Amino acid sequence: MTQPRPNPPQNALRLHHELTRIWGRPKGWRGILVSVNHSEIGFRFMLTSFAFFSVAGVLSMLIRAQLATHDGAFLDTDLYNQIFTMHGSIMMFLFAIPMLEGLAMYLLPKMLGARDLAFPRLSALGWWCYLFGGSIILLALLGGVAPDGGWFMYTPLSSKAYSPGINADVWLLGITFVEISALAAAIEITVTILRMRAPGMRLTQMPLFAWYMLGTAAMMLVGFPPLILGSILLEIERAFGWPFFDVARGGDPLLWQHLFWLFGHPEVYIIFLPAAGAISTILPVMCRTTIMGYGAIVAAVLGLVFLSFGLWVHHMFTVGIPHMALAFFSAASALVAVPTAVQIFAWIGTMWKGRPQMRLPMLYLMGFFSTFVMGGLTGVMLAIVPFNWQVHDTAFVTAHLHYVLIGGFVFPMMAGIAYWMPLFTGRRAIRGMGEAAFWLVLIGFHGTFFIMHLTGLLGMPRRIDLYPDNPEWVLPNLVSSIFGFVMAAGFALFALGLILQTRYGPRTGRDPWGAGTLEWALPKPSTVYNIASLPIEGARDALSLARGEGALPGAPRHQRETLVVNMISGRPEHVAVLPGNAMLPITTAATIGVFVLLMLFGLYTLAPLGLIAIAAICWRWQGFTGTRQGHAQVTVAPGLQLPLSWHVPDGLARTGMVCTLIADGTLFACYLFAVGFLTVIAPNWPAPASTVAQGSALLAAGTVGLLALASGCARLAQGRGAGLAAGANIAAVLLLALLALRLDDPTAHARDALRGAGLGYVVLHAVVGAMLAWLCVVQRRDGRIAADRPGAAPVWRLWQDYSLASAAILAALVILQEAA
Amino acid sequence: MLAVPLLLAGCEGPLSILDPQGPAAAQIAVLWWAMLTGAGLLTVMVMALVWLGFRRDGPRQPSERFWIHGMGLAFTMTILAALVGGGLWVGERLQPRPGPQVHRVEAIASQWQWRFRQPGPDGGWIETTDRLHIPAATPVDVVITSQDVIHSFWVPRLAGKMDALPGRHNVLRIKADAPGLYHGTSAEFSGRGYAGMRFEVLAYPPDDPPTLTDEGDE
């Protein structure tokens, strides 16, 4: 292939108008509802998460007010339990995760040189799910029925017997609803980083922030499924009495703890990595140099991703696991400090290498150093088993986790916001406000949490609301409370500073910090289409990009186009056509919301209607995809002709499906873990003899056979087997329905409950398989599948193969159980 | 000068980890003071390195190799290896191993009280509520379980904590060096009555056991 040459320059203003018309959205309310633009959605994520941060912050002030005296006559215990549960849950699920998603969604296309994210409608869907799910949780708080079992929702306290109210259901359903946005963002971010970089940008040349976000997104793909599985199982137990966690019927509360912390510990690194990515991006700019040890930092990120999945048990050192098993997790927990230390020393080395300047973002980074290092060290202490036995579930841990999360996430995010605000708004900060906010937050933070270590060492457990018999805890708690309000004032001042900056800050030029990354080459404030042409060799500066000298200038085909590249080398492969403004994200999210509400209010007979409505509305998403036109090359630049995405089998959708199946497969693996764990570890096993008869084996074999047939059909060219495969999937569903009737009562024992859940999993996959197969039938009929355009067939085939594999594994599992 | 007695006085308390009265709590307290010293030195070192980064006329520039391999890998791993090894050594010594004179009691948690059962002098079971009687200077194995949700048995001045789980019987070794009253608390959130879920451990002189009356209803 010859090297593409730059396009001839065009009138920049005309290009700007052309692109704005295609990539823009209608003004007013309608525009807000239909927008799918990554800058707008990313910004909305950040704003919404800041609103939730404020709510959770107010809750923490209520906690501190209650604990300021020993007989806290301020809140009653029920309300206090709701408030601390909601403080943790909101901060984790409705602030930290959405905040980092928003930042990544906003920045990544601009940093990587793309015009939008890989699946714009999916990011909008994610935001609406987040908004609706978060609103349900907030309304529950206002109604006095918020979750009150702690953010970790340990069973059996959260089971129906001990939490009969709607509170726990609000948590399980609301948080799972919000997790849709986390999974959507994870898929979105992974595919965007892997396939939508600027032409020629190799994986190893990416800005470090992209590496960090790739690690984060990978962790989210694998980290959230355990929580989602746990939440679904617990909700089924609460709603229908299937005993996954009830020890009397073969369940085990420890299964919940394993699933929760399999998510919960990686979660900490999911939160830390993007913040570290911001540090690695900002620090070198503040030091007028380049980052030290790019390769070592990438290795550290990958190491963290890997190691963070091996240490969830350190939250469970006191549950009675044998000491030698704890030793492994203790060592792993300590080992995870190594990649963190590598990064910290690389950052210090960068400071020594350059000439650091104490500008506002750097000030916040100093806040990071002065808190996170201590939080990391107390974290290592907590990894040491005997010490953990003493301080576990005391205020010492509360202090530690706030040092890590505020030090490792909030301070770097404040640095990031200070750093990228000129990009968001085109304005510089109001002098002095950010600095004053910094000192208030820093002093308030250490005043609150440093002494809290001592409070914990003096024996104060977490989550208590009164301590009438312990006068020695009064003074440290009072100190924490007073400084807590100082910190709150600091955050309020920070927010005020941002508002004033947006309105009154002095205008800034293109690159106020002298940074090297691509996002600063874009006009300020940024445009809806990011760049008029994508950077290629010979056209990399802002002016030539604006004049359309780069690849894919303007919007000559009146559709939203951006380049898709090879995952590793960054060689351009095809031109992706992205969907435009749509009502579908909000209507889909609303439909899911209706289903969630039906479940929440216990209208289980109506809930299947909700599922049917979700399936119906999901079907409408495919309307945009595909083309009826034949193969045509698009001239991206002189010397570079590429096909449109509809004509290639390996498009963004296929990469997205691979990511989806990784998450799905993780969920399935967690299910298998649950089966194995209960079988081996739980008391009250083996289960009573099964009454599943021989005929059931035939039904199961028939199901697997039908799915194998569908999988075979999916291999035929041009979706020829789609009709047959759709029928096979439906027949499989019917066989499974017969099989369901023959299963043992799922409320009797965990084994049977797990079988029921597994059967539901296969049904779900067969239904989606039937829908995808039918989509191929429709596309064959209307010409969207033909010799040169694969339509949905490659995506369908992946799904079909996965369905077959998971169903076969499940069948084999049940056969093994019966044989044993 | 004034700070030292003030600091030590600040470490006292009925639930203080820093005021140990048994071998397990004492070893963990030693571990804590050692880790605190190390962590304090490391914090000062890292902050000093950050501060030195701002000095324009700083010392000779160390290489990337020094920062990444030297500090990030070698230095960190040496400290961690020593610490994890030390922690395991202490943890192993705290395990409940069978011995000739180990006293055995049962602790049964429920929302929101502790019941303790142990064999009486006449061979029958004696049950007490929210107060556990143990012989001082004798290793005691507490067999811990729960009848409803998860709780945690914790007497900070004697030993670390152990969870009470429904359907399981966890064993925690405690030992009080001297006779006395030691406070205990539940340390796992258990709902409305959690804050008040306290209990006492009364260590009696081994040669002078008290006469206990059975409070159980069975």
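Each reported figure results from applying straightforward, stated rules to the coordinates on display, with no laboratory input. Worth saying up front: this structure is predicted, and the values here are computed from it rather than measured. Cβ: placed from backbone, ideal geometry, glycine included. Neighbour counts: every protein chain shown.
Overview of results
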{"read-out": "Under DSSP loop assignment and at most 14 Cβ neighbours within 10 Å, longest trypsin sites (Lys or Arg not before Pro)-free interval of chain A", "value": "A:28-201"}
{"read-out": "Cβ-defined net charge surrounding residue A:740, 12 Å radius [Lys, Arg +1; Asp, Glu -1]", "value": "-1"}
{"read-out": "Linear extension gain, residue A:507 paired with residue A:597, 0.36 nm per residue minus alpha-carbon span", "value": "27.8 nm"}
{"read-out": "Loop-located trypsin sites (Lys or Arg not before Pro) in region B:31-139 whose Cβ has at most 15 other Cβ within 10 Å (DSSP)", "value": "B:55, B:56, B:60"}
{"read-out": "Value of relative contact order over region B:103-204, rounded to a whole percent, pairs C-alpha under 8 Å and six or more apart", "value": "30 percent"}
{"read-out": "FRET efficiency for residue A:698 and residue A:135, using Cβ-Cβ distance with R0 set to 45 Å, rounded to 0.05", "value": "0.40"}
{"read-out": "Compactness relative to 2.2 N^0.38 Å, alpha carbon Rg of chain A", "value": "0.96"}
{"read-out": "Beta bridges by DSSP in chain B, antiparallel share as percent, to the nearest 5", "value": "65 percent"}
{"read-out": "Built amide H within the under 5 Å cut-off of residue B:104, gap 5+", "value": "B:141"}
{"read-out": "Peptide-level mean, for B:157-164, of C-beta atoms on other protein chains within 10 Å", "value": "5"}
{"read-out": "Neighbourhood charge, 13 Å Cβ-Cβ cut-off, centred on residue A:503 and excluding it, Lys, Arg +1 and Asp, Glu -1", "value": "+3"}
{"read-out": "Relative contact order computed over chain A (Cα-Cα under 8 Å; 6+ residues apart), in percent", "value": "18 percent"}
{"read-out": "DSSP beta bridge pairing in the protein assembly as shown, given as percent antiparallel to the nearest 5", "value": "75 percent"}
{"read-out": "Pairs of alpha carbons in region B:103-204 whose separation is greater than 25 Å (percent)", "value": "12 percent"}
{"read-out": "Residue-span extension gain [residue A:160 to residue A:742] - 0.36 nm each, minus C-alpha spacing", "value": "206.8 nm"}
{"read-out": "Extension gain, residue A:590 back to residue A:633 (0.36 nm per residue minus Cα-Cα distance, nm)", "value": "11.6 nm"}
{"read-out": "Other protein chain Cβ atoms within 10 Å, averaged over every residue that makes up A:295-301", "value": "2"}
{"read-out": "Radius 15 Å from Cβ of residue A:435, net charge of other residues (Lys, Arg +1; Asp, Glu -1)", "value": "+3"}
{"read-out": "Exposed chymotrypsin sites (Phe, Trp or Tyr not before Pro) absent - longest run of chain A, DSSP non-H/G/I/E/B, at most 13 other C-beta within 10 Å", "value": "A:1-600"}
{"read-out": "Using a Förster distance of 56 Å, the FRET efficiency for residue A:21-residue A:658 (Cβ separation, nearest 0.05)", "value": "0.95"}
{"read-out": "Förster radius 56 Å - calculated FRET efficiency between residue A:672 and residue A:500, Cβ distance, rounded to 0.05", "value": "0.55"}
{"read-out": "Inter-probe distance in nm under a simple model that places probes 7 Å from Cα toward Cβ, at residue A:583 and residue A:325", "value": "5.5 nm"}
{"read-out": "Neighbouring partner chain Cβ atoms per residue of A:159-172, average, 10 Å criterion", "value": "1"}
{"read-out": "Amide H partners (placed H, <5 Å) of residue B:132, local residues excluded", "value": "B:200, B:201, B:202"}
